[in-house]
């Protein structure tokens, strides 16, 4: 079977399994869930959407800075915003093997004619966003210890933070990376590409000031993102401590990295699992559906930008070839 088809089938299967499992668990609560969504304060839901968009705009500026480290490649803030929203469109409305990251990298490669550097920029930008979220939660636990916080949540946050820290150390320390280089010798087709990818990512170590600035921007972006989730919780009449959102959303984001159709099913299931003990499974499911609605609305914005922006049009054959040959 073709590898691309197999990948899509596996991701679709994972999403389907999580969706069906979640629907089974919530089988006697459908009416309450619908009521919670139907009675949600539309003004708060729209406010949540606006704050989420603001978080995406701030993250777009971070993306612009990261791209600027690549020689001869620059994107304007408006282009960075457009690519961010187009990325949402590709991820949510075109859940094939070609996602938003590949679409953004493809556009950058057209400006520079250098595929690996384009993928590296996109990868580093995404990694900074995820790592910032994780370390914010870990730091919050260190400075705001509370017996009210679930012990399992604490352990999960620290474990994810340790894994993230290990990746950062690996990517910034060649001596440590060389110790693992022997593993690649058993996978010859990937060895050369992996080394090139590592070298490209490692160069960001020489841009300390920019990375620090990107991290600070990312902190602001993530705070707005967490705020949008809190607003959605309030919209259905529930209450949740900001600290709990800060601690639990990184875990949900990490779980959502499991192979799936853009986190569909996995994200909703983990939201019910982690928010359920605080606001009830019914309300947690309702919040996950409202978040999914926001993601789709943002995807529509991205689709409109893509439809009316000829400069972002892509050649599908070239983009598929790019993904297969240069994906990190």
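Rounded to 0.05, the FRET efficiency of the residue 162 and residue 210 pair, given R0 = 35 Å and the Cβ-Cβ distance, is 0.85.
Computed extension gain for residue 143 through residue 42, at 0.36 nm per residue and net of the alpha carbon distance, reaches 32.8 nm.
Among 219, 153, the ranking by other beta carbons within 10 Å of each residue's beta carbon, starting with the fewest, stands as 219, 153. Placing pseudo-labels 7 Å out from each Cα toward the beta carbon at residue 20 and residue 196 gives an inter-label distance of 4.1 nm.
Between residue 243 and residue 203, residue separation times 0.36 nm minus the direct Cα-Cα distance comes to 10.9 nm. Here the gap between residue 176 and residue 151, fully extended at 0.36 nm per residue and compared with their Cα-Cα distance, gives a gain of 5.8 nm. Counting neighbouring Cβ atoms within 10 Å and putting the fewest first, the residues 203, 132 line up as 203, 132.
We did not get these values from a lab; they are worked out from the coordinates using the rules stated. No experiment lies behind these values; they were computed from the predicted model shown. Note that each Cβ is placed from the backbone with ideal geometry, even for glycine, and that neighbours are counted across all protein chains shown.
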